[in-house]
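Novice: Dropping the structure in here first, questions after.
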Amino acid sequence: MKKVVILGLMIITSIMMVGCGGKEKTEDDEKGAAKQSQEDIPAVQEADLADAGQSGEGEPETGGIDGVSTLCTDDKSISITVNRPEGFEDSEFSSEHQVAFQKVGEGGAGSTQISLRLMAEDENSVMTTAQQEVEYLLSANSEGTGVVEEVQSQPAGSREWSYFTYSLDDAEGIRSWTPLSNGCVVSCTVENLGTGLEPMNVEGMLQILDGSIQE
């Protein structure tokens, strides 16, 4: 559209200059110039629209929609979209390989953190990785008081989810995962960190996770 505006200004300026420098021009000449300018402008507009269509301008990308993120596998070969859950905010830890959200509790002393990853692995490998990560977390941050529950499964929304819960000093969490139709597995971490938060509701949180994933 910038080209159209500039061209229009040039045509108007040239007409004004001709009008000032040669008052003896006939009325027919002025009408001819005006007609020519009207024919030129649509031609430029069509060309600009064609260029915009080829370059993708005016076509909003998913990454530019507020509340919608793109989540990719490590090699970027497969991706899905993730909607921000209601009541949560985007986290500074988000990237194309890990989409994260957070919700600060009352008083700001604690927060609920959600993190999702798209894994090009089978469910057993994803489960093993999740268990190893939690075991390391507990050994590094707890004085032998951490607890890890057994793996369970539960339907939520349109998917069957596997999960286990764990707790340690001033924190409790859920590690969950579910297979997708594209052959990948979504692995999710949900943690309550700090104090002043409601106890973790597994069923409600799995519903939130399932509703945020768009294949």
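All of the numbers you see were taken from the coordinates with simple rules; none came from a lab. Small disclaimer: the values here were computed from a predicted structure and weren't measured.
Novice: How big is the Cα convex hull of region 133-207 in projection, averaged over all directions, in nm²? Let's see the in-between values first.
Specialist: Values: hull surface 21.6 nm².
Directional mean of the projected Cα hull area for region 133-207 stands at 5.4 nm².
Novice: Here is a follow-up. Taking only the alpha-carbon positions of region 62-214 and ignoring solvent, what does the Debye formula give for the base-10 log of I(q)/I(0) at q = 0.09, 0.18, 0.21 Å⁻¹?
Specialist: Values returned for q = 0.09, 0.18, 0.21 Å⁻¹ are -0.27, -1.14, -1.51.
Novice: Mind listing the phi-derived Karplus ³J(HN,Hα) values for region 173-190, rounded to whole Hz, using 6.51, -1.76 and 1.60 with θ = phi - 60°, and x for any glycine or proline?
Specialist: x, 10, 10, 9, 7, 8, x, 10, 5, 7, x, 8, 10, 8, 10, 10, 10, 10
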